[in-house]
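Below is one structure, written out as structure tokens; comments come after it.
Values quoted throughout were computed directly from the atomic coordinates according to the rules given, and no laboratory measurement underlies them. Computed from a predicted model, the values in this text were never measured in an experiment. All Cβ positions, glycine included, derive from the backbone under ideal geometry; neighbour counts span all protein chains shown.
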Amino acid sequence: MAVKKVAKKVVAKKKAPVKKVVAKKKPAAKKVVVKKAAPKKVAAKKVMAKKVIAKKPIPAKIVSLKSKVAGSSQKGLKQFRAYEAKKGESYMSKSQLSHFRNILNEWKTELSQDIDRTVHTMQDELTSYADPNDRASQESDMALELKNRDRERKLIKKIDETLRNIESQDYGYCTGCGEEIGLKRLEARPTATLCIDCKTLDEIREKQMAG
């Protein structure tokens, strides 16, 4: 008897359900906003055309002659043209002596007029104040003016001495060392009798004596 082969039922195993792999969404790439650099405005430099100014002829130098009197309120101020020495001109020539003679005479005249003017003004303004404070203030002002005028009188005497030195042709030379005082120093101080070196030494001695 034929053996019937019982076909084995092959039960096909159910395939495991395939897991759906969900691909993770890649994070969205951040948009990098590149800021465009604002183009720098290059200001074109304007080339200014240089103005060529014709040089004016330099006028003769004006030198201020100030009164050396302290507290004189700049009275005795005189302006004059600086002396321009010619090439080869000797020191303290006739023209130089004449130049300084004129300066000293004009300065003397101006100081004398200031003194006379002050005296007349004081006489006109002389009033008797009832208030003691006003009277004291007036007397103080008058005393100061008289002191200044006295200094100017002494300066006039010095100017006279200097004029005598010009006439004797001793003007312009240092009484201390005999060297030339120099035109520039004499124009700054026409009554100077010492050169700058001797004057400096003299001032040092005075300070030492006072100290």
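The length gained by stretching the chain between Arg153 and Glu106 to full extension, at 0.36 nm per residue less their Cα-Cα distance, is 15.4 nm. Annotation: the residues Tyr91, Tyr173, sorted from fewest to most other C-beta atoms within 10 Å of their own C-beta, follow the order Tyr91, Tyr173. For Asp202 and Ala130, a Förster radius of 45 Å and the Cβ-Cβ distance give a FRET efficiency of 0.35, rounded to the nearest 0.05. The modelled label-to-label distance for the pair Ala143/Ala85, using points 7 Å beyond Cα in the direction of Cβ, is 4.8 nm. Exceedance of the 30 Å cut-off in Cα-Cα distance is limited, within the set Lys87/Lys207; Lys94/Lys147; Lys87/Lys158; Lys154/Lys207; Lys86/Lys154, to Lys87/Lys207; Lys94/Lys147; Lys87/Lys158; Lys86/Lys154.
When Met92, Met209, Met122 are arranged by Cβ crowding within 10 Å, least crowded first, meaning fewest neighbours, the order is Met209, Met122, Met92.
Near Phe80, the amide H atoms lying under 5 Å from its own belong to Val63, Leu65; only residues 5 or more places off or on other chains count, and H is placed 1.01 Å from N.
Please arrange Phe80, Phe100 by counting, for each residue, the other beta carbons lying within 10 Å of its beta carbon, fewest first.
Phe80, Phe100
A Förster radius of 22 Å combined with the Cβ-Cβ distance from Met209 to Ser168 puts the calculated FRET efficiency at roughly 0.10. Quick one: go through segment 171-185 and flag any residue whose amide nitrogen is under 20 Å from the point 7 Å out along the Cα-to-Cβ line of Asp160. Under 20 Å, as judged by backbone N against the label point of Asp160, lie 171 of segment 171-185. Overall shape of segment 95-210 was characterised from the C-alpha gyration tensor. The equivalent ellipsoid obtained from it has semi-axes of 37, 20, 9 Å, in decreasing order.
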